[in-house]
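The values are calculated or read from the model by the stated rules, or taken from the named source; none is laboratory data. Predicted, not measured: the structure shown is a model, and the values here were computed from it. Cβ placement follows ideal geometry from the backbone for every residue including glycine, while neighbour counts extend to all protein chains displayed. Protein only, heavy atoms only, side chains kept; ligands, DNA and RNA dropped before computing areas. Shrake-Rupley method; radii C 1.70, N 1.55, O 1.52, S 1.80 Å.
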Amino acid sequence: QKEVEQDPGPLSVPEGAIVSLNCTYSNSAFQYFMWYRQYSRKGPELLMYTYSSGNKEDGRFTAQVDKSSKYISLFIRDSQPSDSATYLCAMSKGYSSASKIIFGSGTRLSIRP
Amino acid sequence: DSGVTQTPKHLITATGQRVTLRCSPRSGDLSVYWYQQSLDQGLQFLIQYYNGEERAKGNILERFSAQQFPDLHSELNLSSLELGDSALYFCASSVGSSGSPVGTGELFFGEGSRLTVL
């Protein structure tokens with residue numbers, strides 16, 4: 001069993017819809033949770049990160065962590081075609097090093113105009 | 001543009017061969033990280049160098065090796081290539097030795113080198 005599970009999609013929604021992307025994990029020691037966005041033929045870029053449980057909002061994006069369920073989510077409001085990309089969740093036990101970050105395999109998202 | 005440059009963008013080679021992938025980090029970044037991305041395994045950490053020295057090692061095969069040069073660029077050498085080595089190889093850099101967004105700075109990824117082994 002992988003430490004981090006992510007539905008690969010693809011997920012296709014119409015422009016303006018609310019998108020929910022999710023990851024589950026098995027290691028309760030994870031405390032730092034990140035979302036990376038990867039456009040086609042590009043490298044991943046950090047979108048958001050959160051610590052422990054709770055919500056964090058940044059514009060149209062909201063990251064949510066439920067440690068009791070070992071479940072994290074990324075919500076995108078008023079989705080735009082420019083949001084079409086692969087979204088990778090990532091998590092780590094501490095903040096010491098990127099070498100300890102475990103990435104999900106990514107969800108491909110397509111926003112239809 | 002992340003500022004991280006990787007070459008070549010695409011590479012096609014045969015089993016048993018050896019290839020070298022090159023990475024130039026962002027100006028001022030001392031850490032370089034190498035990742036392998038495949039459809040079934042996702043993004044896997046291979047190795048990290050910080051200011052010329054190996055800092056951390058992940059699931060890197062013995063057939064693979066890397067180094068970081070005094071000008072901070074890095075090379076990933078892949079030898080005795082197998083079909084299963086076909087993947088996207090990413091280089092990332094960060095200012096400090098952490099690379100964690102809650103540490104000394106986030107990771108900045110290059111556009112990757114796509115390796116196809118036939």
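For the chain pair B and A, the buried solvent-accessible surface (1.4 Å probe, both sides summed) amounts to about 1700 Å².
Here the simple spin-label model places points 7 Å from the Cα toward Cβ, and for B:Thr7 and A:Glu5 these points are separated by 4.4 nm. Counted over the protein assembly as shown with a bin width of 5 Å, the fraction of Cα pairs per bin, in whole percents, is 1, 7, 15, 18, 19, 17, 12, 7, 3, 1. Expressed as a whole percent, the proportion of Cα-Cα pairs in chain B lying more than 26 Å apart is 14%. Placing unit charges on the Cβ atoms only, positive for Lys and Arg and negative for Asp and Glu, gives region B:1-116 a dipole magnitude near 120 debye about its Cα centre.
Across every pair of non-identical alpha carbons in region B:6-50, the mean reciprocal distance, once inverted, gives a Kirkwood radius of 12.7 Å. Distance distribution P(r), region B:35-88, all Cα-Cα pairs, bin width 10 angstrom from 0: 22, 53, 23, 2 percent.
In cubic angstrom, how much convex hull volume per residue do the alpha carbon atoms of region A:69-113 span?
Dividing the Cα hull volume of region A:69-113 by its residue count gives 106 Å³.
Between A:Ile101, A:Ser82, A:Gln6, the Cα set farthest toward the positive side of the dipole of chain A (charges on each charged residue's Cβ, about the Cα centre) is that of A:Ile101. Here the 3J(HN,Hα) profile of region A:11-19, calculated from phi with Karplus coefficients 6.51, -1.76 and 1.60 at θ = phi - 60°, is 10, 10, 9, x, 3, x, 6, 8, 10 Hz, Gly and Pro shown as x.
Here the simple spin-label model places points 7 Å from the Cα toward Cβ, and for A:Arg60 and A:Lys93 these points are separated by 3.8 nm.
Along chain B, the longest continuous region that contains none of the GluC sites (Glu not before Pro) in a DSSP loop with at most 15 other C-beta atoms within 10 Å is B:1-61. As a calculated quantity, the FRET efficiency between A:Arg41 and B:Lys57 at R0 = 35 Å, using C-beta atoms, amounts to about 0.80. Remark: the protein assembly as shown carries 47 Å² of accessible area per residue (probe radius 1.4 Å; ligands, DNA and RNA excluded). For region A:67-74, backbone phi angles converted through the Karplus equation (6.51, -1.76, 1.60; θ = phi - 60°) give residue-by-residue couplings of 5, 5, 9, 6, 9, 10, 9, 10 Hz, Gly and Pro being listed as x. The eigenvalues of the Cα gyration tensor, multiplied by 5 and square-rooted, give region A:1-109 an equivalent ellipsoid with semi-axes of 22, 15, 13 Å from largest to smallest.
Less than 5 angstrom separates the built amide H of A:Asp7 from those of A:Asn22, all sequence-distant by 5 or more or on a different chain.
Over region B:1-90, what percent of the accessible surface lies on carbon and sulfur atoms, probe 1.4 Å? Within region B:1-90, the accessible surface is 46 percent carbon and sulfur. Around the Cα centre of the protein assembly as shown, unit charges on the Cβ atoms of Lys, Arg, Asp and Glu (plus for the first two, minus for the last two) sum to a dipole of about 140 debye.
The portion of the accessible surface of chain A made up by carbon and sulfur, rounded to a whole percent, is 47 (1.4 Å probe; DNA, RNA and ligands excluded).
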